[in-house]
Amino acid sequence: MSALRSAGVPVHPVEAVPCPAAGTDLAILQRFLSDGHRECLRGDGTVVEIEAGTALLAAECVAEWVASDPDAGRGTVVVSDGDTALLDQALARRGLPVLGLSAPSPLRSGFQVIALCFAVVWKPLDPEKLLEFLTLPLSPIAPWAAGHLAAALREEPGTGGAAWPRAWALIEAGLRERMEADEGRELLEEWQSWVQVGRFERVSGVPTDIALAICRRLAGWAAAASEVEHGPLRRSLVEVTRSLEAALAMLGQATVAGRQMDQMLFQAIEDLSDSARCAEVGGIRAVADPGALWRPASRVVWWRFARGGSRPAPCHWDEAELAALAASGCRPESPVEAARRDEMHWRSVALHARQALLFVRPETECGDETARHPFAHQLAPLLTTQVGQQAIRVPAERLLARRHVRIAGRMITRAAADVVALPKAQAVWELPRALVARTRGRCESATSLEDMIGCQFRWLLRHVVGLRGSRAGLPDGERLLGNLAHELARAVLDPGTIPDPDSVRARARAEFDGLVERTAAPLLLPGRAAELAHARQRMPEALAALAAHLQSRGMAIEGTEVDCAGDAGGFRLVGRVDVVVRDPAGGRAAVDLKWSRSAARRRIELAEGRAIQLATYGRLLGSAGRGAPSAYFLLRQRIALSTSGSPLATEEVAALRDLDGTWEAVAADWRALIGLARHGIGLASGLGGGADLALDRVLAGDRDACVSCDLSRLCRIPSKRTAA
Ligand code: SF4
């Protein structure tokens with residue numbers, strides 16, 4: 001104390017808080033922790049365990065308990081083993097001061113820009129990270145331009161394909177429209193410098209001068225951001241980039257390895273002060289960790305008494321660094337030591353309570369079940385007593401069922417809230433006039449027709465309004481492989497005579513790796529090796545099989561990814577056909593390539609006369625009112641599927657109607673459904689309503705359409721159906 005005083009630290013005597021009254025549950029519990037003496041708790045409300053089905057309800061319960069305190073929370077300390085965001089919200093709803101220990105903050109999300117700027121310099125490129133960078137709410141690239149780049153990535157997840165330069169060309173054109181040539185060129189170069197910085201191996205590292213340039217660019221961008229809109233974020237970003245710059249300069253290395261860069265970023269962001277996280281002045285106090293409660297408090301609330309103590313800090317040291325630290329006498333805490341320290345802190349929380357100790361345990365958090373706290377196991381012999389259970393273990397749900405609930409010595413009185421009915425799912429919608437006007441003069445494609453026939457409301461939202469659902473991420477899994485297979489087919493199937501299958505196979509093998517890097521980069525990421533190896537082996541074989549099949553039918557290739565358009569009697573029809581072939585007599589035919597695990601869906605579609613895509617392509621390539629032949633070529637199964645009599649099929653499916661018949665049905669349904677829209681009516685087929693609209697349809701709406709639809713929140717369809 002004298003040393004502290006002499007160093008100028010103000011030292012005040014700690015206010016004495018009387019020990020718990022003898023014979024109370026709290027005194028019994030503290031004695032048990034001190035000398036192991038075991039006695040039954042009586043349920044006098046000094047030790048209470050609140051159990052809630054959800055963290056939300058737990059927060060409501062604690063907030064109600066605090067709100068019913070005549071002392072406005074004075075003398076109460078909340079010990080948090082994590083985040084208090086939910087509790088803060090519940091307190092704020094009651095006009096009580098918040099605790100300010102909420103981990104996520106608007107500033108944190110702003111820091112993503114720093115981490116993502118560095119994440120895109122590594123090889124192999126992680127397109128997901130690049131997409132995140134482009135879709136940041138606060139991004140160095142203007143949203144309209146970043147939108148073009150994000151769309152290119154979704155089309156081809158990589159930066160070496162055709163979509164990426166196409167997006168830059170669109171941006172260049174956009175800049176020309178918006179500003180003077182010189183200014184536009186400068187801005188274009190600046191935007192390119194954010195995402196085209198070169199790619200470096202994580203092990204050998206990024207050159208330090210490039211890392212420094214990124215820091216300076218970030219600092220310059222943050223400094224130029226609006227002080228009014230982004231004041232705290234702006235200042236914090238400048239602070240982080242400066243400390244990074246200083247650290248890089250101090251390193252004095254030519255390159256910085258990926259792991260080292262991660263450590264520096266973590267440290268710089270972690271140490272940053274966050275002005276958005278602050279407690280409000282009030283009687284109630286909070287500490288962020290059980291070990292931070294160092295003096296007695298009248299009432300202690302242990303919020304989120306559910307996990308196994310403080311989470312172990314991530315270890316940023318590798319073996320060599322740990323050895324170097326040990327050689328310098330610096331040894332990080334071992335897991336055993338950390339566990340011992342945790343236990344000491346837990347006991348100290350219980351021993352510091354003087355009038356009441358509340359453990360609050362949500363049974364689930366974010367939908368996940370929580371585990372019991374290890375300290376709860378130590379206290380189990382006392383807490384599981386048969387006497388006074390009602391007062392010791394309080395289910396928070398009691399607050400929802402009773403008007404008066406006693407918790408830890410306080411009577412909480414609840415009042416019924418007004419019931420607000422949630423919006424109901426709706427099958428029939430009245431459309432605004434502006435939307436109705438947009439249904440005129442439309443161009444339809446196979447996809448838009450499929451959407452319309454499946455669900456007219458989905459077609460309206462996706463194709464007329466232009467909404468994209470929440471699943472607008474990068475293509476993954478089968479879709480990514482499908483896109484890659486299409487690119488590979490385009491690379492090896494030149495117009496003209498069908499090449500020899502062996503040469504197709506050899507060429508596909510030679511092209512494969514380059515194409516993956518340019519257009520399917522997620523396959524190069526760790527964890528995807530098996531998938532990549534499978535595709536590398538199967539795709540060239542599949543394309544060789546396609547070539548052999550087309551050769552056996554005497555076909556020649558007219559082109560791949562051929563854009564077609566035509567009048568469909570009432571609307572314009574457009575489409576891009578994967579492979580257009582010509583038979584020996586010069587007749588055109590369409591081959592639609594599919595990469596999918598099973599052929600069942602396509603067989604059913606053909607059998608039910610609902611192969612809308614094939615019917616559309618046939619119509620686009622046909623003449624004199626007749627559709628051209630068309631077939632699916634299933635690359636994984638190496639079969640060509642179409643209706644009976646198709647010159648392209650290796651497997652003919654007996655169908656309810658042929659492809660010309662399917663097209664007639666599509667056209668008739670289009671007339672019925674567009675008529676409905678033009679009368680101002682939207683029909684969500686997933687709900688099965690609209691029977692009284694007396695629609696004259698050939699193909700029924702698809703009630704399963706909702707399973708893969710991402711617009712269910714708008715039509716409010718029950719989630720169990722979308723999850724089915
Ligand atoms: S969720 Fe179902 S009903 Fe709603 S728009 Fe999508 S397909 Fe139509």
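Some observations on this one:
- Between GLU478 and GLU280, the distance separating the two model label sites (each 7 Å from Cα on the Cα→Cβ line) works out to 5.2 nm.
- Sparse-neighbourhood loop sites, trypsin sites (Lys or Arg not before Pro) in the range 1-61 - DSSP loop, at most 15 other Cβ within 10 angstrom: ARG38
- The range 556-634: trypsin sites (Lys or Arg not before Pro) falling in loop per DSSP and having at most 13 other Cβ within 10 Å: ARG597
- Ranking LEU515, VAL113, LEU422 by Cα position along the charge dipole of the chain, where only Lys, Arg, Asp and Glu carry charges on their C-beta atoms, puts LEU422 farthest toward the positive end.
- Extension gain, VAL420 to GLU190, is 77.7 nm, computed as 0.36 nm per intervening residue step minus the present C-alpha separation.
- Residues listed by number, the range 203-224, amide nitrogen under 17 Å from ALA257 label point at 7 Å toward C-beta: 203-208
- Shape box of the range 125-198 [Cα atoms, principal axes, largest first, Å]: 34, 27, 22
- Once the GluC sites (Glu not before Pro) in DSSP loops with at most 13 neighbouring Cβ atoms within 10 Å are cut out of the chain, the longest remaining piece is 334-724.
- Rel. contact order, % - alpha carbon contacts under 8 angstrom, at least six apart, the range 130-241: 15 percent
- Sequence of HIS486, HIS377 from largest to smallest accessible area, 1.4 Å probe: HIS377, HIS486
- Förster radius 35 Å - calculated FRET efficiency between ARG716 and ASP71, Cβ distance, rounded to 0.05: 0.15
- Legend: helices of the chain (whole DSSP H runs) are marked when their alpha-carbon atoms reach 20 angstrom or more along the helix axis and their mean Kyte-Doolittle hydropathy is at least 0.0; marked are 106-119, 208-224, 227-251, 477-492, 529-552, 659-678.
- FRET efficiency for the ILE210 to GLU337 pair, using the beta carbon distance and R₀ = 35 Å, is estimated at 0.30.
- In this structure, the amide hydrogen of ILE412, modeled 1.01 Å from its nitrogen in the peptide plane, lies closer than 5 angstrom to those of VAL405, ARG406, ILE407, counting only residues at least 5 positions away or on a different chain.
- Length-normalised contact order for the chain - Cα pairs under 8 Å, 6+ apart - percent: 16 percent
- Rolling a 1.4 Å probe across all protein chains gives SER34 an accessible area of roughly 90 Å².
- The modelled label-to-label distance between GLN267 and ALA700, using points 7 Å beyond Cα along the C-beta direction, is 6.6 nm.
- Full-extension gain in nm, THR447 to ALA585, via 0.36 nm per residue minus C-alpha separation: 46.6 nm
- Accessible area per residue in Å² at 1.4 Å probe, computed on the chain: 48 Å²
- Of all DSSP beta bridges confined to the chain, the antiparallel ones make up roughly 50%.
- Only Lys, Arg, Asp and Glu carry charge here, each on its Cβ (+1 for the first two, -1 for the last two); on that basis the chain has a dipole of about 1640 debye about its Cα centre.
- Three-way shape call for the range 364-420 based on the alpha-carbon gyration tensor, with the a/c threshold at 1.5: oblate
- Given +1 at the Cβ of Lys and Arg, -1 at the Cβ of Asp and Glu and no other charges, the dipole of the range 411-486 around its Cα centre is 260 debye to the nearest 20.
- Entry note: the chain has Rg to Rh equal to 1.06, where both radii use alpha-carbon atoms and Rh is the Kirkwood radius.
- Using the Cβ-Cβ distance between ALA548 and ALA162 with R0 set to 22 Å, the FRET efficiency from 1/(1 + (r/R0)^6) comes to roughly 0.20.
- Relative contact order of the range 442-589, defined on C-alpha pairs under 8 angstrom at six or more residues apart (%): 26 percent
- Solvent-accessible area, 1.4 Å probe, carbon plus sulfur percent, for the range 125-198: 51 percent
- Against the rule of thumb 2.2 N^0.38 Å, how large the Cα Rg of the range 519-605 comes out: 1.41
The values are calculated or read from the model by the stated rules, or taken from the named source; none is laboratory data. Owing to the predicted nature of the structure, the values given are computational and were not obtained by experimental measurement. Neighbour counts run over all protein chains shown; Cβ positions are idealised from the backbone, glycine included. With ligands, DNA and RNA removed, areas are computed over all heavy atoms of the protein, side chains included. Shrake-Rupley method; radii C 1.70, N 1.55, O 1.52, S 1.80 Å.
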